[in-house]
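J.: Structure provided below as structure tokens; questions to follow.
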Amino acid sequence: MNEKAITAVATSIRSLSMDAIQKANSGHPGTPLGAAELAAVLYGEVLKHNPADSKWADRDRFVLSAGHGSMLLYSILHLSGYKVSLDDIKSFRQVGSVCCGHPEYGITDGVECTAGPLGQGVSMAVGMAVAEEMLAARFNTKNHKIVDHYTYSLVGEGCLEEGISSEASSFAGTHKLGKLIVFYDMNKISIDGSTDITFDEDVAKRYEAYGWQVLHGDMYKPAEIVKLVEKAKKCTDKPSLIILKSIIGYSAPKQGSADTHGAPLGADGVKYAKKVLGLPEEKDFYVLPEAYEYFEAKKADFAAREEAWKKEFEVWADENPELKKLWDDYHSDKETCECAEPLFTPADKMATRDASGKALNFIAQKYGNLVGGSADLAGPNKTVLKDCDGIFTAANRKGRTIEYGIREFAMSAIVSGINLHGGLRGFCATFLVFADYLRPQLRVAALMNLPNIYVLTHDSIYVGEDGPTHQPVETLASLRAIPNVQVLRPADAQETLEAWKIAYESKDHPVCLALTRQALQGFEKADTFWKESIRKNGAYIALDTEGMPDITVLATGSEVSTAIEAASLVSGKKIRVVSVFDYNKFDELEKAEQAKLIGGAKRVVCAEAGVSANWKHYASSKEDLFCINRFGVSGPAAKVAEYLHFTAKDLAELLNK
């Protein structure tokens, strides 16, 4: 290793970072100044990567979990040859720049994920490591390892304080993810000052308790970092945490203090740091020639490593044509097996969670790349995968069922990591009310346009005896409020099967399936082309009447059958019931298209077992909101509905007014 060149790279990272942050008058110089040697070593000596092809399937992944230190990543991506120009860096944190405030997936070449709020990045790295193990088990042969890479992440105190990192790290240790290596930039500083005020635990012992190998080193000894990585790789049955002692804001006037964490150094501070580093004080965005020369000399080696993999891949493909076809199918979400589709009829009476369990297993048999499971609720969520190689464990890497444990936040991040990795489609499940635990990660998944699938059962007051803490009344509205999230609430078994098909077909957004605990009666659909209608309009006519309706009921999920039953109890009025399967899609329709579904009715009633927030501009009056704007109560589901006046009889009385 050319330590002189590594030092030049680290110095250039500091130069670019402090100038970019100063020009933007915004940013976090502490991490790029303090951890520059790690970035230089990683991208120059450690990572298996090729900057000329940032999507190489068998590349090592690096996730900057401490995303506020984004200039560390942008600087090294630029220096090592990714498509991040000097002009991009000069426009740091400006509208339209690929050098965003925090790294964003799909915008900047070489950025593996939108790490977002602290702790989420390293948790998604866990998912990437899971995907690597799963794909290696499926596609590697005795003679060829075509899936053989590592996942790295850099965390700071903030990441380790956030609860999601604890959840994900516990999962990683339990599942013995030996190809996950995390660096801890231990500078003992947070925004408010020394971490002693809030964070004085023994991190090493904590991670040893999780089942990790813990190593210690010095951030400013590049050769030592390389040796620590080599040692980490030799431990195949434990993920590794490499604790690197560092100085936040290294070289700045107030290095080692909170003052360097999240604000520009100021003109005098930049001048001081450049003097300390031996940089020309009068030149901005200066890169030492040795830094560019170092990576220019590395280009051939980077390309040769990918080319060697491609040649091995070709030989593997020739020797294993069936595996090669499966590989292609996995990476393009194509059908891998023909299987019989579940047959649901209008006569079926079942909970949509039960219908979902059957639909899920159909999709899982049809598409071999679907993997996932539940947050310790596989039975209630109906997410047990049958004939899918069992449960994913350290002893069974082929298992397609993932037991996430009671870790909803990390569960979502792991699914995001699996989908980011490529080759697999991840799903997860819990009760709808526990979506509150995973919502921040769902938001980041939506930002990244990831096709995560969320199975959310027990979707209303009909949970019953568990009471108001487990009866979600506001959750549907809150999920619908997240941009780029599709929320589907099917009304019966037939709709549930279509919901699963739509969820798997999604390529650029997360899909949430809101499903019932209680049985729902299926029904004949008035719209013969209802399947096409829900894809186009998000809604269709479930029950119709002769001529123009007097009343149209807009209902979702369990309230569709309630509305149909209520209509049968009303005489002398023409009633149409519309199943609003996908509220947001319906809401985005042109008024003329909505009018066709409503059918000219002078009165519109909205029925949903939740708050009325989404429905106020559709209902004819406040009284026509058949919703629940309060918390529920504990008791048998039917008794709870009676107590809250939320039965078919109650709806019929409203329609009769």
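J.: Cβ under 11 Å from residue 272's Cβ, residue 272 left aside: what net charge do those residues give with Lys, Arg +1 and Asp, Glu -1? Write out the running numbers ahead of the final one.
T.: Working: positive: 254, 271, 274, 275; negative: 268, 281.
With Lys, Arg at +1 and Asp, Glu at -1, the net is +2.
J.: Please report, in whole Å³, the volume per residue of the convex hull around the C-alpha atoms of segment 245-356.
T.: Values: hull volume 33.8 nm³, N = 112.
So the per-residue Cα hull volume is 301 Å³.
J.: Ok, one more. So how many Å³ per residue does the convex hull of the Cα atoms of segment 1-50 work out to? Display every interim value, and only then the final one.
T.: Details: hull volume 3.9 nm³, N = 50.
Value for segment 1-50: 78 Å³ per residue.
J.: Quote the relative contact order of segment 526-609 in percent (integer), defining contacts as alpha-carbon pairs under 8 Å separated by 6+ residues. Don't skip to the end; give the middle numbers.
T.: Numbers: 149 pairs, mean separation 34.4, N = 84.
It rounds to 41 percent for segment 526-609.
J.: Still on this structure, please answer the following. With a/c under 1.5 counting as rounded, go ahead and sort segment 195-261 into rounded, prolate or oblate using the C-alpha gyration tensor (a ≥ b ≥ c being the square roots of the eigenvalues; past the cut-off, prolate if a/b is larger than b/c, else oblate). All intermediate terms of the calculation are to be shown ahead of the outcome.
T.: On the way: a/c = 4.22, a/b = 1.46, b/c = 2.88.
Verdict is oblate for segment 195-261.
J.: Enumerate the residues in segment 57-88 having an amide nitrogen under 13 Å from the point lying 7 Å beyond the Cα of residue 235 toward its Cβ.
T.: none
J.: Ignoring ligands, DNA and RNA, what accessible area per residue does segment 172-320 give at 1.4 Å, in Å²?
T.: Computed with neighbouring chains in place, this is 52 Å² per residue.
J.: Using a 1.4 angstrom probe on the protein heavy atoms only, line up 142, 188 by accessible area, largest first. Mind dumping the intermediate values first?
T.: Details: 142 200, 188 90 Å².
The most accessible residue leads, giving 142, 188.
J.: Please give the net charge around residue 49, taking every other residue with its beta carbon less than 13 angstrom from that of residue 49, where Lys and Arg add +1 and Asp and Glu add -1. If you can, show how the numbers build up before the last one.
T.: Numbers: positive: 48, 55, 59, 61, 298, 299, 305; negative: 45, 53, 58, 60, 109, 112, 301, 306.
Here the charged neighbours net out to -1.
J.: Next question. Rounded, prolate or oblate for segment 1-106? Axes are the square roots of the Cα gyration tensor eigenvalues, ordered a ≥ b ≥ c, and the cut-off for rounded is a/c under 1.5.
T.: On the way: a/c = 1.76, a/b = 1.22, b/c = 1.44.
Judged from the Cα gyration tensor, segment 1-106 comes out oblate (a/c at least 1.5, b/c at or above a/b).
J.: Here's something else I'd like to know. Report in % the part of the accessible area of segment 50-128 that belongs to carbon and sulfur, leaving out ligands and nucleic acids; probe 1.4 Å. List each step's numbers first, then the result.
T.: Details: 1170 of 2170 Å².
Of all accessible area on segment 50-128, carbon and sulfur atoms account for 54 percent.
J.: How do the peptides 418-431, 503-516 rank, highest first, by the average count of neighbouring beta carbon atoms within 10 Å per residue? Each step should come with its number before you reach the end.
T.: Working: 418-431: 24.9, 503-516: 21.6.
Final packing ranking: 418-431, 503-516.
J.: Express in Å², to the nearest 10, the accessible area of residue 33 obtained by rolling a 1.4 Å probe over the protein heavy atoms while all chains stay in place.
T.: Accessible area, nearest 10 Å²: 0 Å².
J.: Quick check on packing: order 143-149, 551-557, 191-197 by the mean number of other C-beta atoms within 10 Å, highest mean leading.
T.: Details: 143-149: 17.4, 551-557: 28.4, 191-197: 12.7.
Final packing ranking: 551-557, 143-149, 191-197.
J.: By accessible area of protein heavy atoms, probe 1.4 Å, what ranking do 230, 167 get, highest first? Write out the running numbers ahead of the final one.
T.: Values: 230 100, 167 50 Å².
The most accessible residue leads, giving 230, 167.
J.: Counting each DSSP H run of 4 or more residues in the chain as -39500 (n - 2.57), what helix-only mean residue ellipticity at 222 nm follows after dividing by all residues, to the nearest 500 deg cm²/dmol? Let's see the in-between values first.
T.: Numbers: 25 runs with 274 residues, N = 657.
Calculated mean residue ellipticity at 222 nm is -12500 deg cm²/dmol.
J.: At 0.36 nm per residue, and after removing the present C-alpha to C-alpha distance, how many nm does the segment from residue 505 to residue 345 gain when stretched out fully?
T.: Numbers: separation 160, 0.36 × 160 = 57.60 nm, distance 2.29 nm.
Here the segment from residue 505 to residue 345 would lengthen by 55.3 nm.
J.: Please report, in cubic angstrom per residue, the volume enclosed by the convex hull of the alpha-carbon atoms of segment 530-649. Before the final figure, lay out each step's value.
T.: Numbers: hull volume 13.1 nm³, N = 120.
Convex hull of Cα atoms, per residue: 109 Å³.
J.: How large is log10 of I(q)/I(0) for segment 556-627 at q = 0.26 Å⁻¹ when the intensity is taken from the Debye formula with one equal scatterer per alpha-carbon?
T.: -1.54
J.: May I pose another question? Between residue 592 and residue 318, what is 0.36 nm times their sequence separation minus the Cα-Cα distance? Round to one decimal in nm.
T.: Working: separation 274, 0.36 × 274 = 98.64 nm, distance 5.62 nm.
Going from the current span to full extension adds 93.0 nm.
J.: If you don't mind, another one. Express in whole angstrom the spacing between the alpha-carbon centres of segment 281-334 and segment 559-598.
T.: Using only Cα atoms to place each centre, the spacing works out to 54 Å.
J.: Here's a follow-up. Which residue, chosen from 203, 566, 75, occupies the Cα position most advanced towards the positive end of the dipole of the chain, where the dipole is computed from +1 (Lys, Arg) and -1 (Asp, Glu) charges on Cβ about the Cα centre?
T.: So the residue we want is 566.
J.: Could you compute how much accessible surface residue 437 exposes when probed at 1.4 Å, giving the result in Å² to the nearest 10?
T.: For residue 437, the solvent-accessible surface is approximately 140 Å².
J.: Using the Karplus curve 6.51 cos²θ - 1.76 cosθ + 1.60 with θ = phi - 60°, work out ³J(HN,Hα) for each residue of segment 647-657 in order, rounded to whole Hz, and write x for Gly and Pro.
T.: Couplings: 10, 4, 4, 5, 5, 4, 4, 5, 5, 6, 6 Hz.
J.: Once each part is reduced to its C-alpha centroid, what is the distance from segment 476-515 to segment 600-657 in angstrom?
T.: About 22 Å separates the Cα centre of segment 476-515 from the one of segment 600-657.
J.: Based on the alpha carbon coordinates of segment 323-417, what radius of gyration and maximum Cα-Cα distance (Dmax) apply, in Å?
T.: Final numbers for Rg and Dmax: 14.6, 44 Å.
J.: What residue among 626, 223, 39 has its Cα farthest toward the positive end of the dipole of the chain, where the charges are +1 on Lys, Arg and -1 on Asp, Glu, each on the Cβ?
T.: Looking along the dipole axis, the top candidate is 626.
J.: What's the local net charge at residue 165, with K and R +1, D and E -1, over the other residues with C-beta under 12 Å away?
T.: Working: positive: 206, 407; negative: 157, 161, 162, 167.
Once all neighbours under 12 Å are counted, the net charge is -2.
J.: Relative contact order of the chain: what whole-number percent is it, with Cα pairs under 8 angstrom and at least 6 residues apart? Kindly include the intermediate steps, with their values, before the conclusion.
T.: Working: 1454 pairs, mean separation 77.3, N = 657.
For the chain, the relative contact order is 12 percent.
J.: Give me the log10 of I(q) over I(0) for the chain at q = 0.06, 0.09, 0.12 Å⁻¹, as the Debye formula computes it from C-alpha points; what are the numbers?
T.: The calculated log intensity ratios at q = 0.06, 0.09, 0.12 Å⁻¹ are -0.39, -0.79, -1.16.
J.: Given N residues in segment 378-470, what is Rg(Cα) / (2.2 N^0.38 Å)?
T.: Values: Rg = 14.1 Å, N = 93, 2.2 N^0.38 = 12.3 Å.
Scaled against compact globular proteins, the figure is 1.15.
J.: Further question: Sort 314, 588, 290 by accessible area with a 1.4 Å probe, largest first.
T.: Numbers: 314 110, 588 145, 290 75 Å².
Result of the area sort, largest leading: 588, 314, 290.
J.: Can you tell me what share of the DSSP beta bridges in the chain is antiparallel? A percent to the nearest 5 is fine. The partial results should precede the final answer.
T.: On the way: 8 of 60 bridges.
Counting only bridges with both partners in the chain, antiparallel ones make up about 15 percent.
J.: Same structure, new question: What's the extension gain from residue 292 to residue 569 if we count 0.36 nm per residue and subtract their Cα-Cα distance? Could you put the intermediate results ahead of the total?
T.: Working: separation 277, 0.36 × 277 = 99.72 nm, distance 7.88 nm.
That pair, residue 292 and residue 569, stretches by 91.8 nm at full extension.
J.: Placing unit charges on C-beta atoms (Lys and Arg positive, Asp and Glu negative, everything else neutral), compute the dipole magnitude of segment 528-657 about its Cα centre in debye, rounded to 20. The partial results should precede the final answer.
T.: Working: 17 positive and 17 negative charges, 28 e Å.
Charge dipole, segment 528-657, about its Cα centre: 140 debye, nearest 20.
J.: Quick one: with all protein chains in place, what share of the accessible area of segment 220-330 is carbon or sulfur, to the nearest percent (1.4 Å probe)? Walk me through the numbers on the way to the answer.
T.: Working: 3200 of 6250 Å².
Answer for segment 220-330: carbon and sulfur cover 51 percent of the accessible area.
J.: Under a 1.4 Å probe, what is the accessible area of segment 1-87 per residue, stated in Å²?
T.: Details: 2050 Å² over 87 residues.
With the other protein chains kept in place, segment 1-87 gives 24 Å² per residue.
J.: Here is a follow-up. Going toward the positive end of the dipole of the chain, with +1 on Lys and Arg Cβ and -1 on Asp and Glu Cβ, which of 2, 15, 352 do you reach last?
T.: 352
J.: Continuing with the same structure: Would you work out what percent of the accessible area of segment 391-432, with all protein chains in place, is carbon or sulfur (probe 1.4 Å)? If you can, show how the numbers build up before the last one.
T.: On the way: 550 of 940 Å².
Heavy-atom surface of segment 391-432 belonging to carbon and sulfur, 1.4 Å probe: 58 percent.
J.: Could you state the accessible area per residue of segment 369-520 in Å², with a 1.4 Å probe and every protein chain left in place? Could the numbers behind the result be given before it?
T.: Values: 4120 Å² over 152 residues.
With the other protein chains kept in place, segment 369-520 gives 27 Å² per residue.
J.: What accessible surface, in Å², does a 1.4 Å probe find on residue 634, ignoring ligands, DNA and RNA and rounding to the nearest 10?
T.: The accessible area of residue 634 comes to roughly 80 Å².
The values are calculated or read from the model by the stated rules, or taken from the named source; none is laboratory data. Keep in mind that this is a model prediction, so the values were computed, not measured. Note: ideal-geometry Cβ built from the backbone for every residue, glycine included; neighbour counts use all protein chains shown. When the accessible area is computed, the model is the full protein with side chains, heavy atoms only, and any ligands, DNA or RNA have been set aside. Shrake-Rupley method; radii C 1.70, N 1.55, O 1.52, S 1.80 Å.
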